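Here the structure is laid out as structure tokens; the discussion comes afterwards.
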6 protein chains.
Amino acid sequence: MLLHLCTWTEVESYLQGSQGIIIPIGSTEQHGPTGVLGTDAICAEKIAIGVGDIVHALVAPTINVGMALHHGAFPGTISLRPSTLMQLIHDYVISLAKTGFRSFFFINGHGGNMATLKACFAEIYHDLEQQPLPSPDLIRCELANWFMCRSVYTEANRLYGYSEGRHATPSEIAVTQHYFAEAVKKYPLLEPAARGYSIYSAKHFRQCYPDGRMGSNPALATPEAGKTLAELAIKELSERYEKFLNQSEMP
Amino acid sequence: MLLHLCTWTEVESYLQGSQGIIIPIGSTEQHGPTGVLGTDAICAEKIAIGVGDIVHALVAPTINVGMALHHGAFPGTISLRPSTLMQLIHDYVISLAKTGFRSFFFINGHGGNMATLKACFAEIYHDLEQQPLPSPDLIRCELANWFMCRSVYTEANRLYGYSEGRHATPSEIAVTQHYFAEAVKKYPLLEPAARGYSIYSAKHFRQCYPDGRMGSNPALATPEAGKTLAELAIKELSERYEKFLNQSEMP
Amino acid sequence: MLLHLCTWTEVESYLQGSQGIIIPIGSTEQHGPTGVLGTDAICAEKIAIGVGDIVHALVAPTINVGMALHHGAFPGTISLRPSTLMQLIHDYVISLAKTGFRSFFFINGHGGNMATLKACFAEIYHDLEQQPLPSPDLIRCELANWFMCRSVYTEANRLYGYSEGRHATPSEIAVTQHYFAEAVKKYPLLEPAARGYSIYSAKHFRQCYPDGRMGSNPALATPEAGKTLAELAIKELSERYEKFLNQSEMP
Amino acid sequence: MLLHLCTWTEVESYLQGSQGIIIPIGSTEQHGPTGVLGTDAICAEKIAIGVGDIVHALVAPTINVGMALHHGAFPGTISLRPSTLMQLIHDYVISLAKTGFRSFFFINGHGGNMATLKACFAEIYHDLEQQPLPSPDLIRCELANWFMCRSVYTEANRLYGYSEGRHATPSEIAVTQHYFAEAVKKYPLLEPAARGYSIYSAKHFRQCYPDGRMGSNPALATPEAGKTLAELAIKELSERYEKFLNQSEMP
Amino acid sequence: MLLHLCTWTEVESYLQGSQGIIIPIGSTEQHGPTGVLGTDAICAEKIAIGVGDIVHALVAPTINVGMALHHGAFPGTISLRPSTLMQLIHDYVISLAKTGFRSFFFINGHGGNMATLKACFAEIYHDLEQQPLPSPDLIRCELANWFMCRSVYTEANRLYGYSEGRHATPSEIAVTQHYFAEAVKKYPLLEPAARGYSIYSAKHFRQCYPDGRMGSNPALATPEAGKTLAELAIKELSERYEKFLNQSEMP
Amino acid sequence: MLLHLCTWTEVESYLQGSQGIIIPIGSTEQHGPTGVLGTDAICAEKIAIGVGDIVHALVAPTINVGMALHHGAFPGTISLRPSTLMQLIHDYVISLAKTGFRSFFFINGHGGNMATLKACFAEIYHDLEQQPLPSPDLIRCELANWFMCRSVYTEANRLYGYSEGRHATPSEIAVTQHYFAEAVKKYPLLEPAARGYSIYSAKHFRQCYPDGRMGSNPALATPEAGKTLAELAIKELSERYEKFLNQSEMP
């Protein structure tokens, strides 16, 4: 169920049975010469919809711009500052909590969002104490990175090994190809990707990784692999969502 | 062209020919008992894509949550505080300006976003002076509300007159029905909608407008009318985009 | 009654009978070669005092600096950033609400304040829920622009038509002349004012409108016309204040 | 010269000869049962105008609401939070610095503003380094409290001694009476004022000082004494302004 | 008792008997050619520990970086902006108040912190009203500057007179020498220190005071004098702490 | 070399040879019934001093309060909100960068700081572009968690295995015991620690982990083990610091 295709009365009914919601969050950032800018948002959204179907949970509109400041020297990247993203997440959670949601399951498609989300969750629990809510301490947020699912990770390693790299990976690009034919780009990849530099400023990032790839070979991506990877993620995250909801009843 | 389905190298090429970009912005908020929560985001996104096709402009990912605090007492509404939305818009513009974009054309689907966007644009021009950009005063933002297009307004009035109302209008709901079959909800509408109250707090809003409609009769919406209205908006906003871009060359 | 000439005990007594207050808000910004920098603040203040006399309402000290960033390239302009103005308005309302005021009627003299005020009101209603107030949802803010009163607008159009323009209008300058002899400046106006440019950065504004006027001919202003316009505004806003206060009792 | 009664072209001329400006800042807060809420703003404004006349300096519009949170339990008090006041002062200084002002002389009428103003000045000097100004380190702010002038202090002590107290002093109320006949309130003062409590929360303040006076006997105030005190302040601050401006040329 | 060497259960027991805590706050900033950067933090910490021993109060970890922006042009200075320091103090007080502390006694070693701390306390009292605490108005903060103790001031004047100066004083450096042998630096001091300039920007400060001293002769500092001064401060502040705690019971 | 025991001239000399600095960061939070509140700050500080001695690097004053909101229901815990900690780190880095430091090596003693620090570093690189620094993109921050050193982790596992747990671990408590005799607390530990709950609000944390331990048995801690663990961390982090500094010369 997509929240944006429901009426408020349908949501009101839903809340009688569940107070959980899935919020996909991605990024709009360079993904190397062959990956689309929306890679992380697409992966998060499609996998979230898959999970929502299985667990019968509402899926909120995708947060399609996240924390990607380090990719900012590549055209087309859009990034929130961490402090802005924290405000945004705060507002999503407070808004929804006010009408009865309690369990927020963020399906995340971008490694760069993780630190900000974790910092933000801590601040939200603190801020909630000042909100006029019946039981602020029952509000709970969970960060679920699809690309860190054990099953996904294992399969990606089996498929690509060393060529998976750290950014613009064949795995994530494969998933976009499974969902969007336009995401299959033709591009002659001649050089092996740069590898091993630490991440500091946007300018420095582009100096180190001139085409945006971090040790990956996205030419290995196929829509078929993308289908497999997405299905693995959907299955594993569905189980995790159920567990999260059950756990939220305690202690 | 959808930004999120382009690679950064494609965007780099695009910037050789144009520094303009279309950013759809909507809202996720109650739209009465028959309108979907994503109405404003859907309208903005679909019309933006239509305009982008005609004027060959890049379309950024949709900002699908906006300023809807006054709808906050209805389940499913998600809202940013105005101060958060200002930070978000700031970050979008600064991010894109850093790699060469100059003309930001916001296609907006929600009246409640207008004040915040205008306030934000003023603050952005001020902040830009501190940014390390070659010509900060060439950065320009434009607010284009599809529902305020003269052609749209005239047609909506012709079709619905008094029943158009101010929120959860048959016009906007018709547009969602044109694009999404799921948006055609069955609902027995018996009572005429409330009308004429000013907008203050979320709680007050719901007291005044108990089902969310403000003077509208969304039962009159049809996918056919939605098609007409969307086409009118696309045509008129395409002309306005061209004019905005030409004007941005001056003085 | 001017708040700043009352004692706190007088205000305490006043609150027994009414919880309404008028807050004038203007701007300190260039008003073309003949208009004084305080034009918007003067108009708002004097009209507010007139309204206060008729409706027996307290008038708070004038907020004489508002959102005028776009006029910032002209010497003497002082502007708050929108985010600062939002904090300021927030603090005025919260301060007064804590001791019993409920209905805040802002008489505004500057178009550039409107967006920020509207955005701010929405954020205040949201923030009020966290305040230790008995009935936060009874706090209500109203934006009343004297220059948009129907009677004022009609008279200005009758007097000046096309020469009214959009900024440094003969209407507003006439009102300042009615109240301050020093506001009648001698200045040879030779050239017709620039017209029709959109408003972006402060630097761009001054390039487009080199003497600060936007399509206006302020040489047409007279103290007599100012008297008429002010009286119309005072009458119309007094009625609106009464209506606002009555409405605030509902629903 | 009052800035708000000048045109921008007059300010432009003024800047050829001086880059100094006087900014009066007061407060709107309870001043005991006989003092008007605007006491601090009135004193600051009138004395600033007097200084401006002598030293031929521009006087900006008065900041008539300051930091008075501790008086917040008395009706009619309006206060900015320190963090808001800091943003406001920042914006005044940056706005004026952008068109050529360099020396900001704040004539202050309220002890409660002092800490925030000092903290703010430090932050402004830091922020100025990021502003696109030719010589940010030539921007200088000075805090001049009229009530701490040696001549004023001596005279107040001579006139009132122990009865001067710390708040709602006969001195400041005398100054308001000199300028406004309405500020001469009739009130039977029977009890000696409370004395000696530290200042913590607004609620605590009112518990300690139930009528708002801190050790003062404002019944001793007379318009004549107000005239003397104001003149002393004007003379002493005029000399200080001249010294400040000369000093600002160095090192 | 040092808080950081206690367990939470020991603190829980302590709170049965007292709700007071001592928080040392200093600065990390240049102290002339012979003074160590940590001078203000060292003095505050050591005196706070001395006071804590006498009055049996918990001593929190030292805030060793404060507001020292004006010293920022000298290597090694670290400074918080006033707005950051306000947030930090807010968080300390709120954190401790949530588990039962009520009386916060800040022993301060740096004049530059005073304005920010005072501004911050006012904002904290205001913010506390929104916190879920049983009696927010019983939370009280006190600023105790060791160097402004009457006994310290008198002794410093007796020892150094005119050579005490305003910054990098022999008094404070003597105290550091009493506690740390490493703080006794060998340095040929040939020139008398600069004197009499106002404090504006960091760059201006260094121009006026090229070696960092403000009118002081720190070569006069001795560990013995430091011992005497520290003992005086500890004695006087211990009495003041007791008085503060007793006062906090009222009214 | 401890920064706070250096003069500014000594730092100036140091900067001729190195632009690196070590900043210890810990936390003040409950560490179970036997661990001291300052555990994380003590570990970070002592290990940082050890590293500084080996690599001849300056060590800044310890940030002894970090992000510990989730421990906030236990008396004595002091926590910064993530947003405050971000401002603080920002100010440390900007202050030091202005006088020549470039490489910031944070030795961290608290897992709860990691997300905020990472988010903060990203925001700092972005903010630095607006600072008046010669080469903002040469400023680099590194997060080095002593407890995640491979050698430390291996030894802790060897010593304690399953009893190491996740919070109030015997490892960290052992390190405090090595440095402070007072940190060896006598306490009868009867019950095995709670285990396996996710971390949400402070209230929830205490419900799940009633004595503060997360699966650990801190009774196993010994000063001897603490010595070994500290030495391992110092050795490994010294190598990492050298590598970081060399890397900072590139690319």
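Kindly work out what percent of the DSSP beta bridges joining two residues of the protein assembly as shown are antiparallel, to the nearest 5.
So the antiparallel bridges in the protein assembly as shown amount to around 15 percent.
Between B:LEU2 and residues 5 or more places away or on another chain, which pairs have amide H atoms under 5 Å apart, with H built 1.01 Å from N, and which residues are they?
It is B:VAL59, by chain and number.
Assume the label is 7 Å from Cα along Cα to beta carbon: what separations in nm does F:PRO132 have to the matching positions in the other copies?
Once sorted, the set of distances for F:PRO132 reads 1.6, 1.6, 4.5, 4.7, 4.8 nm.
What's the local net charge at F:GLY226, with K and R +1, D and E -1, over the other residues with C-beta under 12 Å away?
Its environment carries a net charge of -2.
Using a label position 7 Å from Cα in the Cα→Cβ direction, what is the ascending list of nm distances from B:GLN247 to the same site in the other copies?
Label-point distances to the other copies, shortest first: 3.1, 5.0, 5.0, 5.3, 6.2 nm.
Which FRET efficiency, nearest 0.05, do E:SER163 and F:SER18 yield, Cβ-Cβ r, R0 56 Å? Please list the in-between numbers first.
Working: r = 36 Å, r/R0 = 0.64.
For E:SER163 and F:SER18, the calculated efficiency is 0.95.
From the Cα gyration tensor of the range E:30-107, with a ≥ b ≥ c the square roots of its eigenvalues, which class applies: rounded if a/c is under 1.5, or else prolate if a/b is larger than b/c, or else oblate?
Oblate, because a/c is 1.5 or more while a/b does not exceed b/c.
So how do F:35-41, B:3-9 stack up, highest first, on mean other-Cβ count within 10 Å?
F:35-41, B:3-9
Go from 0 up to the bin containing the longest alpha carbon distance in the protein assembly as shown, width 20 Å each, and give me the % of pairs per bin.
All Cα pairs, binned at 20 Å, distribute as 9, 36, 39, 15, 1 percent.
Which lysines have a Cα lying under 17 Å from the Cα of F:LYS243, excluding residues fewer than 8 positions away in the same chain?
Here the lysines satisfying the reach criterion relative to F:LYS243 are F:LYS235.
Please find, in a Gaussian network model of chain F (springs between Cα atoms separated by less than 10 Å), the residue of F:ILE173, F:ILE124, F:ILE54 whose mean-square fluctuation is greatest.
Top of the fluctuation ranking is F:ILE54.
Report, in degrees rounded to the nearest 10, the 0 to 90 angle that the Cα long axis of helix A:39-55 makes with the longest principal axis of chain A.
40
Among B:ILE199, B:ILE47, B:ILE23, which one shows the biggest mean-square fluctuation in a GNM of chain B, springs joining Cα atoms closer than 10 Å?
Maximum fluctuation in the GNM of chain B, among the listed residues, is at B:ILE199.
Divide, for the range E:50-194, the radius of gyration over alpha carbons by 2.2 N^0.38 Å, where N is the residue count.
Relative to the 2.2 N^0.38 Å estimate, the range E:50-194 comes out at 1.23.
What is the distance, in nm, between label points placed 7 Å from the Cα along the Cα-to-Cβ direction at E:ASP53 and at D:ILE54?
5.5
For the range B:1-127, what % of the accessible area comes from carbon and sulfur atoms, probe 1.4 Å?
Carbon plus sulfur share of accessible area: 51 percent.
Residue by residue through the range A:68-78, what is 3J(HN,Hα) from phi via Karplus (6.51 cos²θ - 1.76 cosθ + 1.60, θ = phi - 60°)? Round to whole Hz and write x for glycine and proline.
Rounded to whole hertz, the list is 9, 4, 5, 9, x, 8, 9, x, x, 5, 10.
Rounded to the nearest 5, what is the percent of antiparallel bridges among the DSSP beta bridges in chain D?
15
Below 8 Å, C-alpha to C-alpha, sequence gap of six or more: please give me the relative contact order for chain E in percent.
After rounding, I find 24 percent.
If I build a Gaussian network model for chain C, linking alpha-carbon pairs within less than 10 angstrom, which residue out of C:ARG213, C:ARG240, C:ARG81 has the largest mean-square fluctuation?
Result for chain C, Cα springs under 10 Å: C:ARG81 fluctuates most.
Excluding B:THR116 itself, calculate the net charge of residues whose Cβ lies under 10 Å from the Cβ of B:THR116, where each Lys or Arg counts +1 and each Asp or Glu counts -1.
After counting each charged neighbour, the total is +2.
Take the Cα gyration tensor of the range C:108-151, multiply each eigenvalue by 5, square-root it, and list the three semi-axes largest first, rounded to whole angstrom. Could you put the intermediate results ahead of the total?
Numbers: eigenvalues 137, 28, 7 Å².
The equivalent ellipsoid of the range C:108-151 has semi-axes of 26, 12, 6 Å.
Decide, for the range B:1-131, between rounded, prolate and oblate: order the square roots of the alpha carbon gyration tensor eigenvalues as a ≥ b ≥ c, take rounded if a/c falls under 1.5, and otherwise choose prolate if a/b is larger than b/c, else oblate.
Note, shape of the range B:1-131 comes out oblate.
Closest to the D-onto-B rotation axis, which residue of chain D has its Cβ, and how many Å off the axis is it?
In chain D, the Cβ lying nearest the symmetry axis toward B is D:GLN130, 3.
Once amide H atoms are placed 1.01 Å from N in the peptide plane, what residues at a sequence separation of 5 or more from B:THR28, or on another chain, have their amide H within under 5 Å of its amide H?
Those lying under 5 Å, H to H, from B:THR28 are B:GLY66, B:ILE78.
So in the range C:1-147, what percent of DSSP beta bridges are antiparallel if you round to the nearest 5?
Values: 2 of 18 bridges.
That works out to approximately 10 percent antiparallel.
Could you bin all the Cα-Cα distances of chain C into 5 Å bins starting at 0 and give me the percent of pairs in each, rounded to whole numbers?
Per 5 Å bin, starting at zero, the Cα-Cα P(r) for chain C comes out as 1, 6, 14, 17, 18, 16, 12, 8, 5, 2, 1, 0 percent.
Once the label point is placed 7 Å from Cα along Cβ, list for C:ARG150 the distances to the corresponding points in the other copies, in nm, shortest first.
So the distances to the same position in the other copies read 2.4, 6.6, 7.2, 7.2, 8.0 nm.
Name the lysines eligible as straight-distance cross-link partners of E:LYS118: C-alpha to C-alpha under 19 Å, and not fewer than 8 places from it in the same chain.
Within the straight-line cut-off, E:LYS118 pairs with D:LYS118, D:LYS203.
Mind giving me the FRET efficiency for F:GLU231 and D:TYR197? R0 is 45 Å, r the Cβ-Cβ distance, nearest 0.05 is fine.
E between F:GLU231 and D:TYR197, to the nearest 0.05, is 0.20.
Let me have the 222 nm mean residue ellipticity of chain A computed from DSSP H runs of 4+ only, each contributing -39500 (n - 2.57), with the sum over all residues rounded to the nearest 500.
Estimated from H runs of four or more residues: -14500 deg cm²/dmol.
The values are calculated or read from the model by the stated rules, or taken from the named source; none is laboratory data. This structure is a prediction, so every number in the text was calculated from the model and none was measured. So basically every Cβ, Gly included, is an ideal-geometry build from the backbone, and we count neighbours across all protein chains shown. Quick note on the areas: whole protein, heavy atoms, side chains included, nothing else; ligands and nucleic acids left out. Shrake-Rupley method; radii C 1.70, N 1.55, O 1.52, S 1.80 Å.
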